[in-house]
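Here's the structure, in structure tokens; my notes come after.
The values are calculated or read from the model by the stated rules, or taken from the named source; none is laboratory data. All values derive from a computational prediction rather than experimental measurement. Please note: Cβ atoms are built from the backbone with ideal geometry, for glycine as well, and neighbour counts cover all protein chains shown. Remember, those area values only see protein heavy atoms, side chains included, never the ligands or the DNA or RNA. Shrake-Rupley method; radii C 1.70, N 1.55, O 1.52, S 1.80 Å.
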Amino acid sequence: MSNTVTQTGAPGGPYRASRSFDFLYDPLHTLSSEKDHVHATFRAHISNERMQKIPEFPAMFSELVHQPRYTLRLQLKDPVPQFIDRRWRGRGEQRLNALKQLAGSQAPIVTPAQASEGSDISGRDRYRFFERPLVPFTQQMAPNVLLAVSRADHSPRTPRAPTPLVRTVGIQTDYRDSEAQTDPYTPEFIVRPGSVPELLTLANLTWGRGLPAGLAEVEMIERAREKRAWEASLPPLSDLSQLEKRRKMMDEQERKEWAFREREIEKLQEAQLEVLKTLLRQREETQKEMDGKRLDSRWSNLHAEKEKRFKKIQKEHIQSMERK
């Protein structure tokens, strides 16, 4: 017995079994025996495809178990029309073979199915009723004539020049070198035990975020060096006589840190203020430009009305002079 699958979704996605009544409709669906036909009919009758979901409008968006969104109802209508033959297709072939054996002759017995074989225009024989279109050529000759002429032409071909071993080929791309440039490669490293390289303190800087280093990054590196030098100059905690000195040095360093942060905040505020001034200046210029356009439009309208009134008065004056 053959079994087909129907793909659902994108290629490579999940597959489901063939439709329930393919063994009746699909001419390529072949069953090996009548027993398989009965099994296929039974599976089609007990399949879930005849179950219909009936929505319950009061609980359409419910997620509760005791208030389902829909109910299942079995479709009583037979999905297979009355004119579809429900019998096993192999029965006719078996009867034909039995007739051949009883007759004992080699005369071919042609059945209506075999007579119509090869004439299914809208089915599996559809490809037989199509032909490759004729591609237009500049020569006023049919494609088969051109092929005949080319095959009959046995003129000797010109010898082909030998291909050089080395050739220089140029390639023009649509991308610039800067667009194809990747991040610089950082090789692996091993730190010697007991040493702290200064370069590892800049491991948080990456390409595009701090690298290549600018003025701000250089100032940050210098501050980190000063802080490490200050930490090295601190008295040890084991020396109780230097505790007061250590506390004063830490207080001074903390004041310096706060002063530096205040300067950074002031710089940031000044930058934001400059941006705000630029935006206000642009808005004022845009407003002035719009006001100028509005005034020009108003002046043009008034000038047009003035010309219209002047022409009207002049016309009335000419008409009054003609009447006199």
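Key figures for this structure:
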quantity: Complete set of residues in segment 58-77 that are within 30 Å of Ser20 (Cβ to Cβ), of a type outside the set (A, V, I, L, M) and loosely packed, with under 10 Cβ neighbours inside 10 Å; calculated: Lys77
quantity: Only one of Leu234, Leu202 that is under 40 Å from the mean Cα position of the chain (by Cα), surrounded by 12 or more Cβ atoms within 10 Å (Cβ to Cβ) and under 30 Å from Glu264 (Cβ atoms); calculated: Leu202
quantity: Those helices (runs of 4 or more DSSP H) lying entirely in segment 14-105 with at least 3 residues small (Gly, Ala, Ser); calculated: 90-103
quantity: Matching option when the condition is over 23 Å from Glu198 (Cα atoms), of a type in the set (A, V, I, L, M) and not in a helix (DSSP H, G or I), among Leu237, Leu243; calculated: Leu237
quantity: Check on Phe21, among the aromatic types (Phe, Trp, Tyr), modelled with pLDDT of 80 or more and surrounded by fewer than 11 Cβ atoms within 10 Å (Cβ to Cβ); calculated: no
quantity: Within segment 1-18, considering residues that are over 31 Å from the mean Cα position of the chain (by Cα) and open to solvent by 80 Å² or more (accessible area, probe 1.4 Å), the one modelled with the lowest pLDDT; calculated: Met1
quantity: Tally, over segment 186-204, of residues that are under 16 Å from Arg225 (Cα atoms) and of a type outside the set (S, T, N, Q); calculated: 7
quantity: Residue that is farthest from the chain's Cα centre (by Cα), among those in segment 300-324 that are open to solvent by 100 Å² or more (accessible area, probe 1.4 Å) and of a type in the set (A, V, I, L, M); calculated: Met321
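Residue-by-condition table, conditions (1) surrounded by 10 or more Cβ atoms within 10 Å (Cβ to Cβ); (2) at pLDDT 85 or above:
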{"position": "Leu215", "(1), (2)": "no, no"}
{"position": "Arg223", "(1), (2)": "yes, yes"}
{"position": "Glu226", "(1), (2)": "yes, yes"}
{"position": "Trp230", "(1), (2)": "yes, yes"}
{"position": "Asp239", "(1), (2)": "yes, no"}
{"position": "Arg246", "(1), (2)": "yes, yes"}
{"position": "Met250", "(1), (2)": "yes, yes"}
{"position": "Glu254", "(1), (2)": "yes, yes"}
